[in-house]
């Protein structure tokens, strides 16, 4: 049932990376935009071991024992927060969650002051979600520990893009080290407001995919074609030849006539039904970052399709990817041999 | 207290046209009394040797957000038109009267009256009373009056009062919560953005209404090629419209936004590079009449924030002159025109007898070394905050001495 595998790239799957810390010379993970292709692949490959571990009954590695990870979420989230929390705990770290709703952020404390406070508590890694683009990077400049972006405004959501790439790689049966060269991916939905779309465009194009984006004009960012994507407004045309269809969540508040007339009209034009899915490549796979609006952007028959839907597998990959990111970014703190200094741009 | 009479010798005077002329200048009673042969020092006069440097009018800065004397004096600015966007807004005669006195004697503030109460764009403020209290023009603030009916009534009323209306040209419906111009940079950074047409749409409406009413309209910042074309066309038709800009929009494009640099968050936002070039062309061909600093010092509490949450504006008073002089060095304009943009034209719009070296004009005078190099350093600004996008940039042009009404400012 799987679509034809993408053509293998020239490099062999058993990929070799620069030695030690040079394989991933960044202190923070603020976006896919900061990563080179081989660094994306490195994180995907590192995640493979955690996929294995997570499938066993004893899901515990104590690599990060004694380390404190703070999940600072300035914007509501359930699944991403949970995923990061589980990832940290499975690695043995002490994980603390800070919810903005119950924090002093509501009392007017500035973001920087909050960041300095977290820093003074000597966190070993801080995971941040914030409603403003660039906020994570701002915090990263002010704290001493690695910072992971769990979504900043409409800018980036790098771990989502990584887990999507890993999910695709597994679904296609591709081995460790593989990129996604030649794969045709269509991303449909609210591209304008979506950090998931931006990170995925960057990651998938870096991995060799041919990416198409589809949205009504009001939900399409200006000059998006400079990010090396094909631009469609008609869903049927966008689906033609697609081997992976990635649906984005439509935020209901945007449907009060501000951007599109109504949910049912949106569904009429952009809802992924089984009939619609048939217009894609035979056996095309379906993804969604969740949470879904069933019956709006995606029909239940598609979302729950055992062979075609990767949605629950995305969640599974999410924990593994976040474990990989936390483990790699804390190697300097843990004085892993070869990782005692940062190479490259952050040196 | 009238200052001692003053003669500036050995300078090159920047006059209304042509090259600077080597001549002396004499001031008495706070005014320019004589130029050239008649300006010989008389017994008891103070004499200042300009050492061959430029002698220029003090700059008149049309549209600043804060009164920040050290920065203005550093930049050779002797008068500034204060935007009504204060807390609370300048929408009441008493506040206007207070603002008008706030800089004297060594700096003159010309308040711009808020066009509408609370700058809300709905009810006209007491414009005639504010004129009596010292307002030299009317401004919509850093906001757009969305209701065209209100704007029409405002312009016709101001035409009657013979007050210039200073407008901010950004269609609020298109602009929304935008903090950047729609395009590649905003898309990559995921910043809320609006098309550049938000400006041309606003300019088109305001010009149409000015044409209807015969009002004098000054668009404080025109930053896009399309809007500049509209201004150009309106001027040809004889509409009383003038246009201004700040150096940010002829020096920088939206590429500066990468890394989410909040010191580059402006209103209107930085534009594409083609628009930046169009602004330079418009300065060269006379479409743009005024270069102003838009001085708006903002500390970390307003700027050390995520980009979209930061306040717009830059501390621009100190860099206004040197950045404008880059246009002279690049051959876009000559020295006389530079000081028309920086002093004479804004003074004329405000109806003040200053901004030029002419007998009878207020003795607001600067001695300028246009070639003196220095490096902008946001940590060591005279301004009350260092939010300049030009940090570490080498520039040329520095004020060596400054007089307000014939009195030396130290």
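The values are calculated or read from the model by the stated rules, or taken from the named source; none is laboratory data. A quick note: this is a predicted structure, and the numbers were derived from the prediction, not measured. Positions of Cβ are generated from backbone atoms using ideal geometry, with glycine treated the same way; all protein chains shown enter the neighbour counts.
Pull up the range A:18-32, narrow it to residues that are more than 21 Å from residue A:141 (Cβ to Cβ) and assigned to a helix (DSSP H, G or I), then point me to the one that is modelled with the lowest pLDDT. Applying the filter and picking the extreme gives A:20.
Can you give me the number of residues within the range B:36-58 that are outside any loop (DSSP other than H, G, I, E, B) and either modelled with pLDDT of 95 or more or under 16 Å from residue B:409 (Cα atoms) (or both)? Qualifying residue count for the region: 8.
Check whether at least one residue in the range B:190-199 is in contact (Cβ under 8 Å) with a residue 40 or more places away in the chain, more than 14 Å from chain A (Cβ to nearest Cβ), within 23 Å of the chain's Cα centre (by Cα) and over 30 Å from residue A:231 (Cα atoms), and report yes or no. No - not one qualifying residue is present in the range B:190-199. Against the test of being more than 20 Å from residue A:151 (Cα to Cα), surrounded by 17 or more Cβ atoms within 10 Å (Cβ to Cβ) and at pLDDT 95 or above, the options A:35, A:81, A:41 yield a single qualifying residue, A:41. Annotation: residue B:178 fulfils all but one of (1) within 14 Å of chain A (Cβ to nearest Cβ); (2) closer than 26 Å to residue B:82 by Cα; (3) buried (at least 23 other Cβ atoms within 10 Å of the Cβ); the unmet one is (3).
For residue B:135, the criteria (1) within 14 Å of chain A (Cβ to nearest Cβ); (2) assigned to a loop (DSSP other than H, G, I, E, B); (3) surrounded by 21 or more Cβ atoms within 10 Å (Cβ to Cβ) hold in every case but one, which is (1). Of the residues making up the range A:101-114, none is in a loop (DSSP other than H, G, I, E, B), within 25 Å of residue A:236 (Cα to Cα) and facing chain B (nearest Cβ under 10 Å). The set of residues in the range B:320-348 that are closer than 22 Å to residue B:168 by Cβ and either within 12 Å of the chain's Cα centre (by Cα) or surrounded by fewer than 19 Cβ atoms within 10 Å (Cβ to Cβ) (or both) comprises B:320, B:324, B:341, B:342, B:345, B:346, B:347.
Scanning the range B:267-309 for residues that are within 14 Å of chain A (Cβ to nearest Cβ), at pLDDT 95 or above and part of a loop (DSSP other than H, G, I, E, B), which turns out surrounded by the fewest Cβ atoms within 10 Å (Cβ to Cβ)? Filtering first and then ranking leaves B:272. The helices (runs of 4 or more DSSP H) found entirely in the range A:245-347 that carry 1 or more residues being free of Cβ contacts under 8 Å to residues at least 40 places away in the same chain and within 23 Å of the chain's Cα centre (by Cα) are A:300-303, A:311-329.
Evaluating residue B:336 against the criteria (1) without any contact (Cβ under 8 Å) to a residue 60 or more places away in the chain; (2) part of a helix (DSSP H, G or I) leaves one unmet condition, (1).
Selection within the range A:223-235: residues that are touching a strand residue (DSSP E or B) at 6+ places or on another chain (Cβ under 8 Å) and outside any loop (DSSP other than H, G, I, E, B). The member of this set that is farthest from the other protein chains (Cβ to nearest Cβ) is A:235.
With respect to the conditions (1) in contact with a strand residue (DSSP E or B) (Cβ under 9 Å, 6 or more places away or on another chain); (2) at pLDDT 95 or above; (3) over 30 Å from residue B:191 (Cβ atoms), residue B:156 lacks only one, and its number is (1).
Filtering the range B:91-112 to residues that are assigned to a strand (DSSP E or B) and free of Cβ contacts under 8 Å to residues at least 40 places away in the same chain leaves only B:111. Within the range A:84-100, being modelled with pLDDT under 90, surrounded by 17 or more Cβ atoms within 10 Å (Cβ to Cβ) and assigned to a strand (DSSP E or B) holds for one residue alone: A:98. Given the condition assigned to a loop (DSSP other than H, G, I, E, B), surrounded by fewer than 24 Cβ atoms within 10 Å (Cβ to Cβ) and modelled with pLDDT under 95, answer yes or no: does some residue in the range B:77-87 qualify? Yes, the conditions are met somewhere in the range B:77-87. All conditions but one from (1) within 11 Å of chain B (Cβ to nearest Cβ); (2) crowded, with 24+ Cβ neighbours inside 10 Å; (3) part of a helix (DSSP H, G or I) apply to residue A:161; the one that does not is (1). Across the range A:193-203, the qualifying residues are those that are under 15 Å from residue A:230 (Cα atoms) and buried (at least 24 other Cβ atoms within 10 Å of the Cβ), and the one among them that is farthest from the other protein chains (Cβ to nearest Cβ) is A:200. Among the residues here, residue A:189 qualifies as within 22 Å of residue B:185 (Cα to Cα) and either buried (at least 18 other Cβ atoms within 10 Å of the Cβ) or within 14 Å of chain B (Cβ to nearest Cβ) (or both). Taken together, A:238, A:206 contain a single residue that is touching a residue at least 60 places away in the same chain (Cβ under 8 Å) and either out of contact with any helix residue (DSSP H, G or I) (no Cβ under 6 Å at 6 or more places or on another chain) or away from chain B (no Cβ under 12 Å) (or both), which is A:206.
Within this structure, residue A:149 passes the test of being more than 30 Å from residue A:269 (Cα to Cα) and modelled with pLDDT of 95 or more.
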